[in-house]
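This report concerns only the one structure given below.
The values are calculated or read from the model by the stated rules, or taken from the named source; none is laboratory data. This is a predicted model, so every value here is computed, not measured. A quick note on method: Cβ atoms are made from the backbone with ideal geometry, for glycine too, and the neighbour counts reach across all protein chains shown.
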Amino acid sequence: MPTCFQRLLLTIVLIFPSILTAKELLSISDKTTETIKLVPELVIANQSQNLNITEIRNSPAIKWEPFRTAQTKGIANTSYWLKFDFIQTAPQAKQLIISLTNPHIDSIVLYHFKNGQQVQRLQLGDHYPFANRPILSTNFLYSFASQQFDKHQFYLKIDSTGATNLPLNLWSSEAYYQNAEQQTALYGFQLGVLTAIGIFSLFIALTSLSFSYTYYAGYVLSITLFVASLNGLAFRFIWPEWPQVQNFALPALLSLSMMFAFLFSEKVMLFKYHNQTMLRLCRISAAASVLLLVVCLFLDYTTALRLNIYAVMLASVMLMYMSTAQAIKGYKLAKLFAIGWFCMMFGALISGALYLNIFNSDLTASTPFIIGLTTEVIFMAALLAIRYNDERIAKLKIQQDALDQAKQAREHKEKALRLEARSSEQLSQKVQERTLELEIALRELNEANQKLTEQAKVDSLTGVKNRNSFDKRILAEGRISRRQQTPLSVLMLDLDHFKTINDSYGHLAGDQALRVVADILKQNLKRPTDLVSRFGGEEFAIILPNTDQTGALQVAESIRKAINAAPISWGDQSFPLTVSIGVNSEVINSEEHTTLLLEQADQALYQAKSEGRNCSRLYRPQ
């Protein structure tokens, strides 16, 4: 057990080198947060020579410089050494984890020195089978124990192509696994949505043999696999024993996605019928995407990835332009298509600029692309759903037309059979003709009676039900209200200053006002059980079954505002029109109660008239 003096001496020895270097040594204390970003603590040495760890530690020719994030931005072939160290001053033992959350680094050699002694050497990277990792995770992890006054020093040899950003963090074990659960849930939700949409589209494509759904399913599934590869999940779960697949997975999947995107756009935008130039451009672009896929198999990873990023940015702009042009021409589905590809284009341009190091930002390079992609896929799914519904309606119409034609053919056949029967038996033919004529006459008479009956129910001027229909209907609805114990509402409407309209503009203008009011009443009654009728003169009555006072007042106010907002045009003149409305709502308990309900609504109407007109009033007993 070290004495207090020995502990103090050890602390001075461990901290003294950091004093000489004029940089404060990172200290892990009780107050230190559960997560520490190590990038500010890093120093870097770019070395093209193949030096071992002893040479790196002891060679005076090695020039260590403060690490800058811009040094690992973009896509490039890189080879360098990193170094950082810290000391634990917290008295309790800790289990710590170093995480590097870039799953596409080719090779990482990690050296861990504790109190000057090497305790670990690890070989990590996506050039090695996934099972070789000490902790099975999509990120590169190293877990170690730390005691009070332990000084830890780490050296990392990084060799990689492609995106070499270094999100390096030091975690407590509990904090890391909590964060990992959240990230796993987020990735799982994102990939689950994309996979569900892709598989659903694939099933529809197999059952309907639709090229649109086939290309869309190919696009979504290839993009889903690309996102899984980007997050490292594909390497973990799909090809963990084939690290060589990592060298061409991202470029190949991007090229494949672009091919399906152009083919899908051609079909869903119907360029074959609307724009031959864009049709040829889509097919040429799809062929170029296939060619790019083949060429990238023979290129180094960095060049292939750069080419595909440029291609994705260009493809997004092209498809955005095509969809916008079609939307301007009035093509219905092009509007959704344009919105989806605007999100995709915006995300692709920002992510591409970050990957290509056109500008620097703390934002993760893949985030804008993933957000834009997810939005675009959802919009495309909605677009296909709308198109599928349109096609279904068109097919139903074709089927209905076929049924109508079959019915007409059957009728013609029956007519021919009757003619043949009449020609064989003259007497029977005459009887049949007389019978047929009688049936036709009866049918025509029945139709005429039905028309007369219907006309007897309709007001000839306004086209709404007349007073007789109203009286019959209110009795029937009163019985239903009494039986079901549901409220029955009646609205009585009267045109304000109608005599003035007749005197000022003529009776024909008054008739036009009545017709306009009747049309507005019909438009504002949404339920088939509601009834509007002309009660007499300039008065209208409305029956609202199963409607309480609140609902009846809302309907009355809606009608009043609609009439008030619709001035009557007569010739070159225009005049305003308002109505007063009386409302009553009750649960009917007897036959006489129905008449009382109507009388009370009429009293509410007179109350509205007396209070200045152009208002709705609910009946209240005086």
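Provide a single number: the residues in segment 255-309 that are outside any helix (DSSP H, G or I) and either of a type in the set (V, I, T) or under 19 Å from Y213 (Cβ atoms) (or both).
So the answer is 2.
Of the conditions (1) surrounded by 15 or more Cβ atoms within 10 Å (Cβ to Cβ); (2) under 18 Å from K83 (Cβ atoms); (3) free of Cβ contacts under 8 Å to residues at least 12 places away in the same chain, Q117 fails just one. Which one is it?
(1)
Test Y80 against the stated conditions and say whether it is under 24 Å from T161 (Cα atoms), among the hydroxyl-bearing types (S, T, Y), assigned to a strand (DSSP E or B) and modelled with pLDDT of 85 or more.
Yes.
Within the bounds of segment 170-187, is there any residue that is in the same structural domain as S27 (by TED's automatic domain parsing), over 34 Å from the mean Cα position of the chain (by Cα) and among the polar types (S, T, N, Q)?
no
Any idea how many residues of segment 381-395 are farther than 13 Å from G340 by Cβ and surrounded by 13 or more Cβ atoms within 10 Å (Cβ to Cβ)?
Within segment 381-395, residues that are farther than 13 Å from G340 by Cβ and surrounded by 13 or more Cβ atoms within 10 Å (Cβ to Cβ) number 3.
Select from segment 145-165 the residues that are part of a loop (DSSP other than H, G, I, E, B) and hydroxyl-bearing (S, T, Y) and write down the one among them that is modelled with the highest pLDDT.
T161
Is it the case that segment 377-399 has a residue that's more than 31 Å from the chain's Cα centre (by Cα), modelled with pLDDT of 80 or more and assigned to a helix (DSSP H, G or I)?
Scanning segment 377-399, I find at least one residue that is more than 31 Å from the chain's Cα centre (by Cα), modelled with pLDDT of 80 or more and assigned to a helix (DSSP H, G or I), so the answer is yes.
Residues of segment 176-208 being more than 20 Å from N231 (Cα to Cα), exposed (fewer than 15 other Cβ atoms within 10 Å of the Cβ) and modelled with pLDDT of 80 or more, which ones?
Listed by number, the residues that qualify are I199, F203, L206, T207.
Of all strands (runs of 3 or more DSSP E) completely enclosed by segment 1-71, which ones contain at least 2 residues that are at pLDDT 85 or above and within 23 Å of A145 (Cα to Cα)?
The qualifying strands (runs of 3 or more DSSP E) are 26-28, 35-37.
Being in a helix (DSSP H, G or I) and under 19 Å from T578 (Cβ atoms) is the filter here, so list the residues in segment 484-512 that pass it.
F498, K499, T500, I501, N502, D503, S504, Y505, A509, G510, D511, Q512
Name the single residue that is nearest to L605 (Cα to Cα) among those in segment 567-585 being among the polar types (S, T, N, Q) and in contact (Cβ under 8 Å) with a residue 60 or more places away in the chain.
Across segment 567-585, the extreme among qualifying residues is S580.
When segment 456-479 is examined, which residues are found to be closer than 16 Å to N546 by Cβ and crowded, with 19+ Cβ neighbours inside 10 Å?
I474, E477, G478
How about segment 431-477: which of its residues are assigned to a helix (DSSP H, G or I), at pLDDT 75 or above and basic (K, R)?
Within segment 431-477, R434, R443, K457, R467, K472, R473 qualify.
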